[in-house]
Amino acid sequence: MTREEKSIAIENLTAQLAGTNIIYVSDISGLNAETTSSLRRACYKAGIKLEVVKNTLLAKAMEASSNDYGDLPSVLSGNSAIFISDVANAPGKIIKDFRKKSAKPVLKGAYINSEIYIGDDQLDALATIKSKEELLGELIGLLQSPAQRIISALQNKFAGSEEETEA
């Protein structure tokens, strides 16, 4: 790779990093072609971009980015792939699902909304993070609950008074 090609690759990676707040870094080395293809399909269906990257280029892109990746560049060794998503728990769920069949992919680290997660032991926590939509659904459910109880009580009271009037 020439110096100019590296510069272009770093610019592209920097632009990708600037466009998202959710990045997972993992090791997918050792996966055969069929499993890798299956992983890519699962990511595509979930709206996740999966890309194998050179560690030095990703480290330079993180450095050039306006985001603070903290210690995340320290996990960049060996083979690395990045999962870029709009949903915080989606890559974690996919990695966890694939781990049922094999030991890979191994989570190296993640950057989610300015929070840094380092190590494969964080996978369970990351897979169970609630998405924005799930949190909004729960909040709306909590807000509707008291109103629904009042409406139900009023309906029961009016239904009971109508029965008394008919008798």
*Can you name the residue in region 116-135 that is in contact with an Asp or Glu (Cβ under 8 Å, 6 or more places away or on another chain) and among the hydrophobic types (A, V, I, L, M, F, W, C) and, of all such residues, is nearest to MET62 (Cα to Cα)?*
ILE116
_Being among the β-branched types (Val, Ile, Thr), over 11 Å from the mean Cα position of the chain (by Cα), modelled with pLDDT of 85 or more and open to solvent by less than 70 Å² (accessible area, probe 1.4 Å): is that true of ILE94 here?_
no
_Test for ILE23: is it in contact with a Phe, Trp or Tyr (Cβ under 7 Å, 6 or more places away or on another chain) and either β-branched (Val, Ile, Thr) or not assigned by the TED database to the domain that holds ASP121 (or both)_ = yes
_Qualifying residues in region 16-37 (those that are among the aliphatic types (A, V, I, L, M) and open to solvent by less than 40 Å² (accessible area, probe 1.4 Å)) - the one modelled with the lowest pLDDT_ = LEU31
*So ASP121 fits all but one of (1) in a helix (DSSP H, G or I); (2) surrounded by fewer than 19 Cβ atoms within 10 Å (Cβ to Cβ); (3) modelled with pLDDT under 85; what number is the exception?*
(3)
*May I ask you to list pairs of residues, at least six apart or on different chains, whose Cβ atoms are under 9 Å apart, with the first in region 128-153 being free of Cβ contacts under 8 Å to residues at least 60 places away in the same chain and the second being surrounded by 10 or more Cβ atoms within 10 Å (Cβ to Cβ) and in a helix (DSSP H, G or I)?*
THR128/GLY92; THR128/LYS93; ILE129/GLY92; LYS130/GLU138; SER131/ALA90
_Restricting to region 148-167, count the residues that are at pLDDT below 70 and part of a helix (DSSP H, G or I)._
9
*Inspect region 65-77 for any residue being under 20 Å from GLY30 (Cα atoms), in the same structural domain as LYS6 (by the TED database) and surrounded by fewer than 17 Cβ atoms within 10 Å (Cβ to Cβ) and give the result as yes or no.*
yes
*Just checking, which of ARG40, ARG3 is of a type outside the set (A, V, I, L, M), under 16 Å from the mean Cα position of the chain (by Cα) and open to solvent by 20 Å² or more (accessible area, probe 1.4 Å)?*
ARG40
*Filtered residues of region 14-37 (kept if in contact (Cβ under 8 Å) with a residue 12 or more places away in the chain, not acidic (Asp, Glu) and not in a loop (DSSP other than H, G, I, E, B))*: THR14, GLN16, LEU17, ALA18, ILE22, ILE23, TYR24, VAL25, SER26, THR35
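The values are calculated or read from the model by the stated rules, or taken from the named source; none is laboratory data. Just so you know, these numbers come straight off a predicted model, no measurement behind them. Heads up, the Cβs are rebuilt from the backbone with ideal geometry, glycines too, and the neighbour counts pull from every protein chain shown. To get the accessible areas, we keep the full protein, side chains included, count just its heavy atoms, and leave off ligands, DNA and RNA. Shrake-Rupley method; radii C 1.70, N 1.55, O 1.52, S 1.80 Å.
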